[in-house]
């Protein structure tokens with residue numbers, strides 16, 4: 001089908017040095033502009049961010065420091081990008097939460113005038129999530145083909161969750177999954193250990209996910225100003241951070257974990 005457009009619509013996606021909108025930088029932008037008559041125009045720019053690209057980001061998008069070292073900085077090509085987007089509505093996947101704020105940050109940082117007023121901003125991910133809600137009620141409708149009766153009663157929700165899991169195993173049997181690093185597997189199987197592993201976004205060190213394990217099995221912070229750094233490194237460089245956490249409103253299990261890590265740093269072992 002063709003989109004009914006009153007003005008050009010620009011689909012775009014960014015690759016960046018990371019996910020921090022204020023600190024990270026754009027290294028690639030691709031824009032597909034659809035004119036009101038259906039004509040399509042695709043442009044892609046590589047950008048030198050002026051800061052190092054972390055290895056974790058390279059693993060995600062495959063763009064290395066060497067790939068962009070000869071590319072222009074955003075200040076040089078930002079006006080060209082803004083001109084290409086002139087009079088366009090904007091669309092993307094997760095655009096409202098990430099891509100649009102990140103792009104605007106680059107425009108503002110480089111004193112490039114780009115006004116979002118009178119533009120429609122379309123987030124395809126949000127439409128998807130609203131039409132296929134990630135709620136138990138939505139899951140029962142999608143996987144079991146029925147409506148959830150007595151929703152939000154503990155018994156009905158418990159029984160429904162059991163039905164949904166069984167239906168998931170049937171639906172996704174032998175279906176391939178590809179993670180962010182390109183690793184492929186068939187993870188939804190009738191095996192509780194496998195489902196346990198696939199259920200996790202991270203390997204949590206604590207129950208709340210404030211502290212997770214990295215690829216080298218080290219505990220790292222998953223929040224705040226030290227996100228991505230190891231707990232031991234932070235406690236060595238800023239011992240008062242431990243005291244701040246112990247006095248803060250962190251879960252007791254998280255406090256127990258960081259105490260165990262601190263004691264381990266002094267050669268003492270504590271069971272969790």
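Scanning the stretch 161-178 for residues that are modelled with pLDDT of 90 or more and either outside any helix (DSSP H, G or I) or not assigned by TED's automatic domain parsing to the domain that holds residue 139 (or both), we see that the one that is surrounded by the fewest Cβ atoms within 10 Å (Cβ to Cβ) is 174. Give the residue that is modelled with the lowest pLDDT, with candidates limited to residues of the stretch 122-160 that are farther than 27 Å from residue 196 by Cβ and in contact with a helix residue (DSSP H, G or I) (Cβ under 6 Å, 6 or more places away or on another chain). Once the filter is applied, the top-ranked residue is 150. In the set (1) over 16 Å from the mean Cα position of the chain (by Cα); (2) buried (at least 19 other Cβ atoms within 10 Å of the Cβ), residue 28 fails one condition alone, (2). Could you tell me whether any residue of the stretch 92-113 is assigned by TED's automatic domain parsing to the domain that holds residue 41, within 23 Å of the chain's Cα centre (by Cα) and assigned to a loop (DSSP other than H, G, I, E, B)? The answer is yes; a qualifying residue exists.
If only residues of the stretch 106-133 that are under 21 Å from residue 22 (Cβ atoms) and in contact with a strand residue (DSSP E or B) (Cβ under 9 Å, 6 or more places away or on another chain) are counted, the one that is surrounded by the most Cβ atoms within 10 Å (Cβ to Cβ) is 106. Contact map, the stretch 31-49: first residue without any contact (Cβ under 8 Å) to a residue 12 or more places away in the chain, second residue surrounded by 14 or more Cβ atoms within 10 Å (Cβ to Cβ), Cβ cut-off under 6 Å, separation 6 or more or different chains; pairs are 40/34; 41/33.
Here residue 236 does not qualify as within 30 Å of residue 132 (Cβ to Cβ), loosely packed, with under 15 Cβ neighbours inside 10 Å and not assigned by TED's automatic domain parsing to the domain that holds residue 61. Could you list, in sequence order, the residues of the stretch 47-83 that are farther than 17 Å from residue 18 by Cβ and in a strand (DSSP E or B)? The one that is farther than 17 Å from residue 18 by Cβ and in a strand (DSSP E or B): 73.
Taking the stretch 72-90 as the search range and keeping residues that are in contact with a strand residue (DSSP E or B) (Cβ under 8 Å, 6 or more places away or on another chain) and in contact (Cβ under 8 Å) with a residue 40 or more places away in the chain, which one is surrounded by the most Cβ atoms within 10 Å (Cβ to Cβ)? Per the stated criteria, the residue is 74.
The values are calculated or read from the model by the stated rules, or taken from the named source; none is laboratory data. Everything numeric in this text was worked out from a predicted model, so none of it was measured. Every residue, glycine as well, gets a Cβ built from its backbone with ideal geometry; the counts of neighbours run over all protein chains shown.
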